[in-house]
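Reviewing the structure listed below.
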Amino acid sequence: MTLQDFIISAQWVFLAYFISLNLGYLMLNLVAMSALRRYLAERSITSLPAVYSSFELPISILLPAYNEASVISQSVRALLQLEYPEFEIVVINDGSTDKTMQLLIDEFSLKYFPEAYRARLPTAPIRGVYRSTVYPNLRVIDKKNGGGKSDAINAGINDARYPLFCVIDADSILQRDSLTRVVQPFLEDKTTVAVGGTVRIANGCTVNDGFIEKVDLPQNALALFQIVEYLRAFLFGRLGWASLNALMNISGAFGLFRKEVVIAVGGFNTDTWGEDMELTLRLHRYLREKGQPYRITFVADPICWTEAPEDLRGLANQRIRWQRGLAESLVMNYKLMTSGRGGVVGWFAFPFHVIFEFLGPVVEITGLAFIIIAYWFGWLSLESFAAFMLVAIGMGILLSTSALVFEAMSFRVYPRLFQSFRLFLMSIAENLGYRQLNSIWRIIGMIGWAFGTQPTWGEMRASSKLGKKARSV
Amino acid sequence: MLALSTNSDFVVQLAWWAGKAAAIGAVLLLICVFLLHVRQRSVDRHRKNVIVKWRPILTETILRSWDETIRLPRLHSDDMEAFLHEWNVFHDSITGEGSIHLNKLARKLKIDRAARRMLRDKRVYTKLLAVATLGHLKDQTCWELLEPELDADNLPLSLVAARALVQIDATRAVPLIIPRILERDDWPPGRLGSLLQEAGPGAVVDSLRSAISSGTPEGIGKLVIFLDAMPGPEADEIISQLLRDSDDGRVIASCLNMVKNPADLPLLRQLTCHHFWHIRMLSAKALGRIGKKEDTDQLIRLLTDSQWWVRYRAAQALARLPWISQQILERIQSEQTDGFAADILEQVMAEGEYA
């Protein structure tokens, strides 16, 4: 093979990859568009009180906490104010070394409670269960550190009283009606086993009393880039896959699950960095293997807000962690793809994630390096170089702008035209370095996965300037 | 620079075209975002204007006595949907005299005619507003128009149609609704419960009884839960009969949740030994409601059950029995040789202290 043959073949490979990647996303876009229209029509219907009255199922809210002294009191206070007929809050103090437990005891008048704790899922030992003497629906499990968030959640599942449980992060900010919205799929379809909620970026917003008071865009460029990413990921990514019952991930920042099904599959996996995605895939695998009708779905309303990292180090940690989580989840559940009962999720969504999400960063960075090197050494003309850059950037902008259209036609969280225009500019700018940087971090994540160690709470925390952790998109 | 072959030229051309198409597409989408913003702003402004104009009138209508000579502003057809939404929200938040006034206002504004027209609209939201409106108006003459909507594929539309028919004539509506409860898997039991409650026991019990007596175990399981919304001797009698005659776990479980008749106690005692733990748990719970002194030992025995929920419900039932004081509970706990039994009693006693 001559050098020229090699260059031509490589051009074909990269171009075909880019076009199929973007065509795949455009197809997903179309599916999501139809799902969103349906969702919006139904949503307008639910604004009539007679259609959806209060027959919601009771919910246990699980709040795992490790060294969350700075946010824990405010988080619990905000949760206590949620508008929902019947819910309990179970905080799981996973052996915090700061004042998390003492703060909880003081703020909420906790007293030791002799609970006959049921260890249906194995966890690190429980030191005790506490109950608030002021708020009857608040309990705190004090346990030894189990090495990660999954262990804490499993302890919470063991202690949950209600048939549905909702996992949230200590720094997640919910809407007052978040539970009412996220429970709807369980009321409409009894086969629903898990529901994810749309997570939005809280940077730039005004938070009062634990709730979002005013939504605005942040000044920080990294946070702005992440807003565009979240819009893409949730408004057409998740929505598109969910409408095909092929949702691959229910974000750990906010998800509602049917308890008995999660216990049946063994609870959250403690050996992964992506416990949320791993559980979602395991639920698909288990229910498909059993031939049991089920639905894993997604609520498009913006119901959970999270703080995004605003510095490169925090963002790098997060992306490395997400990529490792993705790799582990895919490998642990590869049988979903090879199973005769894989369905859309196993035969389409799973390979799509392997080819475009898992391998995507490698192909993107290799392709970019190839084009630059080929141009540098004069093997590629300026015209060819420009054409390949245009297709890579143009497709990226097209996808991001389509997410802005989704936003404008649906929830209009950013209602001012100027805000949309700023996000459009960010969707152009993200292609000029941010996206490539992300791919490099993700490749580091893949290398970490190949030679990996087990996750711990410390490593799972993004070290953002705000000292908060963010969950995988 | 290497000379590029025709093959490579084609790749470059393809890349150019794909890139240009994407860039043009992005600009078009940006224009789309702009137009959506403008349109939505105008829709919001219009809705706000309608609300500002009509909300005080609606409030006045429900608070004051009705005056037939009242002069009302003209309701434009463009304002109809926003007005009807507001009118329905008002209707759902009040009962009694106020709702009668709202209906008089609606007739004066001729919205019954508009609602009939809207029933023919293809948009679900418009249709739904029309159905809900005609239901609130209790308009007998539109029965034939509403009945087919019971079979609508759209779940909210079918449910709102069922409610509208109940509002118009519950006795006529319930016999149409109950067979559909058996046919449709998408009707949520919680919402049907409230619908049948709205219809009232007089309209429901006979239809429910006949459907249960001729139903399959699966059908009975689906229907029996609605007896809970129909308090009264008729419902108790159906539950007792089902408990005696049925051997289907789902039916028994549903009945155990509602059993109130002390005559069923012998059967309940037998069910505390059922092989299905869910039934043992519900039997314990039922004994807590209607059990007698001699049932105390049955409940103490269930404290050692292998299932946590059975132990928990048995302990709760014990604590609820009127002749079991805190001291007696403590004594029962101290007598337990089974650690699980002692633990669950300790938890339930602590719950009692916190309550």
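The values are calculated or read from the model by the stated rules, or taken from the named source; none is laboratory data. A quick note: this is a predicted structure, and the numbers were derived from the prediction, not measured. Cβ sites come from the backbone with ideal geometry, for glycine too, and all protein chains shown count toward neighbours.
What do you reckon, is B:Thr126 over 21 Å from the mean Cα position of the chain (by Cα), within 14 Å of chain A (Cβ to nearest Cβ) and of a type in the set (Val, Ile, Thr)?
yes
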Original post:
What helices (runs of 4 or more DSSP H), lying completely within segment B:23-128, carry at least 2 residues that are of a type in the set (Phe, Trp, Tyr)?
Top reply: B:80-93
Original post:
In segment A:14-39, how many residues are surrounded by 14 or more Cβ atoms within 10 Å (Cβ to Cβ), within 10 Å of chain B (Cβ to nearest Cβ) and aliphatic (A, V, I, L, M)?
Top reply: 3
Original post:
Before we move on, is A:Arg442 at pLDDT 85 or above and surrounded by fewer than 21 Cβ atoms within 10 Å (Cβ to Cβ)?
Top reply: no
Original post:
Which pairs have Cβ atoms under 7 Å, sit 6 or more apart or on different chains, and link a residue in segment A:221-249 that is more than 19 Å from A:Asp276 (Cβ to Cβ) to one that is β-branched (Val, Ile, Thr) and part of a helix (DSSP H, G or I)?
Top reply: A:Ser243/A:Val31; A:Leu244/A:Val31; A:Leu244/A:Val344
Original post:
Of all residues in segment A:380-412, which are surrounded by fewer than 19 Cβ atoms within 10 Å (Cβ to Cβ) and in a loop (DSSP other than H, G, I, E, B)?
Top reply: A:Ser381, A:Phe411, A:Arg412
Subject >> Pair list, Cβ < 7 Å and 6+ apart or interchain, from segment B:121-135 residues that are within 17 Å of B:Leu109 (Cβ to Cβ) to residues that are buried (at least 24 other Cβ atoms within 10 Å of the Cβ) and of a type in the set (Ser, Thr, Tyr) >> reply: none
Original post:
Which one is nearest to the other protein chains (Cβ to nearest Cβ), of the residues in segment B:289-320 that are part of a loop (DSSP other than H, G, I, E, B) and out of contact with any Leu (no Cβ under 8 Å at 6 or more places or on another chain)?
Top reply: B:Gln307
**OP:** Report, by residue number, each residue of segment A:71-83 that is farther than 9 Å from A:Arg176 by Cβ and part of a loop (DSSP other than H, G, I, E, B).
**Re:** A:Val71
**OP:** Return a yes/no flag: does segment A:178-200 have any residue that is farther than 17 Å from A:Glu83 by Cα, within 20 Å of the chain's Cα centre (by Cα) and small (Gly, Ala, Ser).
**Re:** yes
Original post:
Applying the selection to segment A:294-321, what residues are assigned to a helix (DSSP H, G or I) and either buried (at least 24 other Cβ atoms within 10 Å of the Cβ) or of a type in the set (D, E, K, R) (or both)?
Top reply: A:Arg313, A:Leu315, A:Gln318, A:Arg319, A:Arg321
Original post:
Would you pick out the residues in segment A:338-378 that are within 14 Å of chain B (Cβ to nearest Cβ) and either closer than 16 Å to A:Tyr25 by Cβ or not in a helix (DSSP H, G or I) (or both)?
Top reply: A:Phe377, A:Gly378
Original post:
Can you name the residue in segment A:79-98 that is in contact with a Phe, Trp or Tyr (Cβ under 8 Å, 6 or more places away or on another chain) and surrounded by fewer than 18 Cβ atoms within 10 Å (Cβ to Cβ) and is also modelled with the highest pLDDT among such residues?
Top reply: A:Leu80
Subject >> Residues satisfying the stated conditions in segment B:165-202, i.e. small (Gly, Ala, Ser) and more than 19 Å from the chain's Cα centre (by Cα) >> reply: B:Gly202
Original post:
Hey, which of the helices (runs of 4 or more DSSP H) in segment A:99-192, taking only ones fully inside, have at least 2 residues that are surrounded by fewer than 22 Cβ atoms within 10 Å (Cβ to Cβ) and free of Cβ contacts under 8 Å to residues at least 12 places away in the same chain?
Top reply: A:100-107
Original post:
Does B:Arg74 count as more than 26 Å from B:Arg163 (Cβ to Cβ), more than 9 Å from every other protein chain (Cβ to nearest Cβ), free of Cβ contacts under 8 Å to residues at least 24 places away in the same chain and not hydroxyl-bearing (Ser, Thr, Tyr)?
Top reply: yes
Original post:
What do you reckon, is B:Asp169 within 10 Å of chain A (Cβ to nearest Cβ) and surrounded by fewer than 16 Cβ atoms within 10 Å (Cβ to Cβ)?
Top reply: no
Subject >> Members of segment B:18-50 found to be loosely packed, with under 13 Cβ neighbours inside 10 Å and within 25 Å of A:Ile371 (Cα to Cα), listed by number >> reply: B:Ile24
Subject >> Qualifying position, being more than 23 Å from B:Ser213 (Cβ to Cβ) and not acidic (Asp, Glu), among B:Cys273, B:Cys255 >> reply: B:Cys273
Subject >> Hits in segment A:1-26 (condition: small (Gly, Ala, Ser) and farther than 16 Å from B:Leu14 by Cβ) >> reply: A:Gly24
Original post:
Quick one: how many residues across segment A:196-209 are farther than 17 Å from A:Val413 by Cβ and buried (at least 19 other Cβ atoms within 10 Å of the Cβ)?
Top reply: 1
**OP:** For segment A:379-419, enumerate the residues that are farther than 24 Å from A:Ser20 by Cβ and at the interface with chain B (Cβ under 7 Å from one of its Cβ atoms).
**Re:** A:Trp379, A:Ser381, A:Ala408, A:Met409, A:Arg412, A:Leu417
Original post:
Do any residues in segment A:404-420 that are farther than 21 Å from A:Glu213 by Cβ have Cβ atoms under 7 Å from those of residues that are of a type outside the set (Gly, Ala, Ser) and not in a helix (DSSP H, G or I), where the two are at least six apart or on different chains, and which pairs are they?
Top reply: A:Ser420/A:Tyr414
Original post:
For segment B:58-100, what are the residues that are farther than 18 Å from B:Lys127 by Cα and under 22 Å from the mean Cα position of the chain (by Cα)?
Top reply: B:Phe90, B:Ser93, B:Ile94, B:Thr95
**OP:** Filter segment A:98-130 down to residues that are within 20 Å of A:Ile168 (Cβ to Cβ) and within 14 Å of chain B (Cβ to nearest Cβ), then give me how many there are.
**Re:** 5
**OP:** Need at least 3 residues that are under 23 Å from B:Glu147 (Cβ atoms) and either among the β-branched types (Val, Ile, Thr) or without any contact (Cβ under 8 Å) to a residue 12 or more places away in the chain (or both) per element, so show me which helices (runs of 4 or more DSSP H) inside segment B:169-244 make the cut, counting only ones lying wholly within it.
**Re:** B:170-183, B:201-213
